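This report concerns only the one structure given below.
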Amino acid sequence: MDPQAALPYREQVEQFRRRFRTGLVTLVFTDLAGSTLLKQTLGDREGVALIQHHHSVVRELLRQFAEAEEISTAGDSFFLVFARPSDAVRFAL
C-alpha cells in the first residue's frame with residue numbers, strides 16, 4: 001500500500017493513538033509478493049482462497065498484540081498500526 005493511500009485513515013490512526021495514550025505509533029504496510037502471478041498460475045478461485053488464508057493468518061497473529069489493530073486491507077495488503085515499535089517489529093518477524 002502506498003503511504004499516501006493511508007491519508008484517508010488519519011483520523012482512525014489518531015483515535016488509536018488517543019485510546020492507547022501514545023504520542024508515537026508505528027504503521028505497518030504489508031504486501032503479499034507475487035499474488036497476481038499466484039492467481040494467474042492457480043486460477044482465481046484457488047489464488048483467492050490462498051490470499052484469504054493469508055488474511056486469516058495475519059489477523060490471528062495480530063490478535064497476539066493487545067496494542068495493535070488493523071486499519072484497512074486492500075486485496076492482499078494490510079495497513080496496521082501498533083502502539084509500540086517493538087511490537088511492530090515482532091509482528092513483522
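The values are calculated or read from the model by the stated rules, or taken from the named source; none is laboratory data. Keep in mind the model is a prediction, meaning the values are calculated, not measured. Ideal geometry is used to build each Cβ from the backbone, glycine not excepted, and the neighbour counts take in all protein chains shown. Protein only, heavy atoms only, side chains kept; ligands, DNA and RNA dropped before computing areas. Shrake-Rupley method; radii C 1.70, N 1.55, O 1.52, S 1.80 Å.
Couple of notes before you dig in:
- Flag for LEU24 being of a type in the set (A, V, I, L, M) and farther than 23 Å from GLN4 by Cβ: no
- The range 12-63, residues that are farther than 15 Å from ASP76 by Cβ, among the polar types (S, T, N, Q), open to solvent by less than 80 Å² (accessible area, probe 1.4 Å) and out of contact with any helix residue (DSSP H, G or I) (no Cβ under 7 Å at 6 or more places or on another chain): GLN12, THR22
- Residue within the range 60-72 that is over 11 Å from the mean Cα position of the chain (by Cα), within 19 Å of TYR9 (Cα to Cα) and not small (Gly, Ala, Ser) present: yes
- Considered as a group, the residues in the range 11-41 that are within 22 Å of ILE51 (Cα to Cα), in a strand (DSSP E or B) and β-branched (Val, Ile, Thr) include one that is modelled with the lowest pLDDT, and that residue is THR30.
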